[in-house]
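Here's the structure we're looking at; comments come further down.
The values are calculated or read from the model by the stated rules, or taken from the named source; none is laboratory data. These figures come from a predicted structure and were not determined experimentally. Here the Cβ positions follow ideal geometry from the backbone for every residue, glycine too, while neighbour counts run over all protein chains shown.
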Amino acid sequence: MATAQASEADTGTIVNDFVLHVATANGSGSQTSNMVLLRALFGMGIPVSGKNLFPSNIQGLPTWFTIRANKDGWIARKQDADIVVCMNSETSDEDVESAREGAVLIYEESLNLGEKRPDCVHYAVPFKKLIAECCPDLRLRKLVINMLYVGVCAQLFGFDMEEIKKALGTQLAGKQKAIDINLPALEFAYKWAEENLKKVDPFRVERMNANEGKIIIEGNAAAALGLMFGGVTVVTWYPITPSSSLCEYLEEYLNRFRMKDGKKTFAVVQAEDEIAAVGMLAGAGWAGARAFTSTSGPGISLMNEFIGLAYFAEIPFVICNVARTGPSTGLPTRTMQGDIISLFYASHGDTKHVVVIPNTPKEIFEMAGEALNLAEELQTPVFILSDLDLGMNYWMSDRFEYPTEPFRRGKVLGKDELEKLGGKWGRYADVDGDGIPYRTIPGTDHPRAAYFTRGTGHTPQATYSEKPTDWKNNMDRLARKFETAKNMVPKPEIKDNGHAAGLIYFGTTTEAIREACVKLETKHNLKLDLCRLRAFPFSQEVEDFINKHERVYVVELNRDGQMRMALNAELPRFSQKLHSITHYDGMPLTADEVVEALVKREREV
């Protein structure tokens, strides 16, 4: 009989409200087990999120997975776990020591951790003995053992076993042999826990109906779907964490859904490095393709020269930057909003770029297609600013809507249009006053279609020029185009109830901000107006929001307050109103961190 030790904490039942933290070793098959628990909770209609904390180098190092289930729909990261499953002997002491008071601890019986935290609930389970009993194949035990804690958790906390089995089938779809190995272990552990563990903790799950119309998906997969539906035709990329899975998903989807008569209607090229990838991208965009690559901060650094060429020569393509923690190699498997300045002003000289900033899988799905449209309409590189938290973690999301609008290709001249213009067309001429010139696609059957594409000074007719007036006129036109973009990019999401203080935020801080605002109002009687940025350049609505408030806090995941820097640079007259709240330890933001920072700041006012 396994031992169970109750804490002195209140053991009144807590339904559908807990954080489950699993500690395992990288490469041990734990991702399957964790996703089974996550999907089972979702299948029971309980709002849920999953965040993976994994090492950046080799197999065998510690990895953690955190599942938050919350009946009220709060799915941001929460600091303290309620249930800790210790499956890694190398970190078990640390995992137990760091547990909050009253937490539930589930661990290997032979570790003898019962006396370490008398203020917690202990369930000692002989996982090693159990796996030997239920899995005769020694080679498979290290991969199947993690399914045992799924069975134990399912029994202890009341998971619906049919949902557990359904989740296992989904996670191992098409791998019947793997299902046949894991399912008996899961059922064995469930039965063992039923017969040997006396429940003394307060946590329990019960079926709800809060997830109707929702899905569970990673942000990188959502972005890939959006790009495919958005008509991407050329994908060039070089692997880098945490963006690699985006292009891997995209290639998989294209191979499934973008074939015609057995032939590919697209091209995917894995380049030798990021410089080559973006160089191919520039060539593809110039040739008329809807071209895309994904990368992270170090990749953006390498791509800068080609980004500048595309900005100046006005070549459309899209780059999704899935940000990680820098500078340098930094923490490749941690999250950060640290590439803001490097994207907004990428390359040397005077450059400003269009950037869309999604906050959910549904929004990155939509913005991926919109980025392809904007790139062609504005004839410029367009960035999607994502991060590891959105890209590689599992999010509960609204279902995606099938795009029905035609692709927007902007000012493209064909043979008929060129005939009407005669010889008056100039590739870099501002005909409409919006800074956006007309372009032709290489191969257009007309003698006036050709022009020189160059990264050096040029006239409106694309001829070479070093004249100061030609240079200045061209740079002024590019600035007008950037002003035009302010009315084309996604508008901010604003909640304005006339309060004195405002809050600006963006991207994956959204869930923490949403939860924090409720806590601030109910516990501290502190109310703020909200502005969620969705794009750069900043539209008039952003300027109006700042102007209306006495003080505005800018919440972001970097040390130096880069978004505040950009707001100061673009809207300098408001610099005294803007105040930074920064978080930069590599972990996703929590609501409690936002509450603590804002309460402190408001007391100082």
Check: Residues in the range 426-434: is at least one aliphatic (A, V, I, L, M) and touching a residue at least 24 places away in the same chain (Cβ under 8 Å)?
Finding: yes
Next item on the list: Residue by residue through the range 387-446, note down the ones that are modelled with pLDDT of 95 or more, closer than 20 Å to Ala289 by Cβ and not in a loop (DSSP other than H, G, I, E, B).
Entry: Val412, Arg439
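Conditions tested, residue by residue: (1) touching a helix residue (DSSP H, G or I) at 6+ places or on another chain (Cβ under 6 Å); (2) surrounded by fewer than 18 Cβ atoms within 10 Å (Cβ to Cβ); (3) of a type in the set (S, T, N, Q); (4) in a loop (DSSP other than H, G, I, E, B).
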site: Glu101; (1), (2), (3), (4): no, yes, no, yes
site: Arg117; (1), (2), (3), (4): yes, no, no, yes
site: His122; (1), (2), (3), (4): no, no, no, no
site: Leu130; (1), (2), (3), (4): yes, no, no, no
Next item on the list: Have a look at Thr351, Thr380, Thr329 and point out the one that is in the same structural domain as Val278 (by TED's automatic domain parsing), farther than 30 Å from Ala40 by Cβ and modelled with pLDDT under 95.
Entry: Thr329
Check: Which of the following residues is outside any helix (DSSP H, G or I) and not acidic (Asp, Glu): Gly231, Gly226?
Finding: Gly231
Next item on the list: Please state which of the following conditions Arg207 fails to meet, knowing it meets all the rest: (1) touching an Asp or Glu at 6+ places or on another chain (Cβ under 8 Å); (2) surrounded by fewer than 16 Cβ atoms within 10 Å (Cβ to Cβ); (3) part of a helix (DSSP H, G or I).
Entry: (3)
Checklist line | Conditions (1) over 29 Å from Gln79 (Cβ atoms); (2) in a loop (DSSP other than H, G, I, E, B): number failed by His499 | finding: (1)
Note to self: Return the residues of the range 73-121 that are modelled with pLDDT of 90 or more, small (Gly, Ala, Ser) and under 22 Å from Tyr190 (Cα atoms); say none if nothing qualifies.
What the structure shows: Ala103
Next item on the list: Kindly establish whether Arg324 is crowded, with 19+ Cβ neighbours inside 10 Å and either among the charged types (D, E, K, R) or assigned by TED's automatic domain parsing to the domain that holds Ala479 (or both).
Entry: yes
Next item on the list: Would you point out which residue out of Lys78, Lys71 is surrounded by fewer than 20 Cβ atoms within 10 Å (Cβ to Cβ), within 27 Å of Met161 (Cα to Cα), in contact (Cβ under 8 Å) with a residue 60 or more places away in the chain and not aliphatic (A, V, I, L, M)?
Entry: Lys71
Notebook entry, point to check: Between a first residue in the range 330-349 that is within 10 Å of Gly297 (Cβ to Cβ) and a second residue that is of a type in the set (D, E, K, R), which pairs have beta carbons less than 6 Å apart while being 6 or more apart in sequence or on different chains?
Noted result: Pro332/Arg324
Margin query: Against the condition among the acidic types (Asp, Glu) and more than 31 Å from the chain's Cα centre (by Cα), how does Asp119 come out, does it pass?
Written below: yes
Item checked: In the range 580-605, residue farthest from Val554 (Cα to Cα) [restricted to those that are in a loop (DSSP other than H, G, I, E, B) and of a type in the set (A, V, I, L, M)] -> Met587
Margin query: Residues that are surrounded by fewer than 15 Cβ atoms within 10 Å (Cβ to Cβ) and among the hydroxyl-bearing types (Ser, Thr, Tyr): does the range 253-265 have at least one?
Written below: yes
Checklist line | Looking only at the range 340-386, and only at residues there that are touching a Phe, Trp or Tyr at 6+ places or on another chain (Cβ under 7 Å) and part of a helix (DSSP H, G or I), the one that is farthest from Ile216 (Cα to Cα) | finding: Phe344
Check: Just wondering, is there one or more residues in the range 303-310 that are over 17 Å from the mean Cα position of the chain (by Cα) and without any contact (Cβ under 8 Å) to a residue 12 or more places away in the chain?
Finding: no
Check: Residues in the range 299-319: is at least one out of contact with any Cys (no Cβ under 9 Å at 6 or more places or on another chain), of a type outside the set (D, E, K, R) and farther than 25 Å from Thr453 by Cβ?
Finding: no
Check: Any residue in the range 171-181 that is in contact (Cβ under 8 Å) with a residue 60 or more places away in the chain, crowded, with 22+ Cβ neighbours inside 10 Å and aliphatic (A, V, I, L, M)?
Finding: no
Next item on the list: Determine which member of the set Met563, Met488 is touching a Leu at 6+ places or on another chain (Cβ under 8 Å), part of a helix (DSSP H, G or I) and crowded, with 16+ Cβ neighbours inside 10 Å.
Entry: Met563
Note to self: Of the residues Ile300, Ile319, Ile240, only one is assigned by TED's automatic domain parsing to the domain that holds Thr360 and in a helix (DSSP H, G or I); which?
What the structure shows: Ile300
Check: Would you pick out the residues in the range 453-483 that are closer than 17 Å to Val412 by Cα and either modelled with pLDDT of 95 or more or more than 39 Å from the chain's Cα centre (by Cα) (or both)?
Finding: Pro460, Gln461, Ala462, Lys481
Margin query: So, in the range 148-170, how many residues would count as being within 15 Å of Ser30 (Cα to Cα) and surrounded by fewer than 18 Cβ atoms within 10 Å (Cβ to Cβ)?
Written below: 0
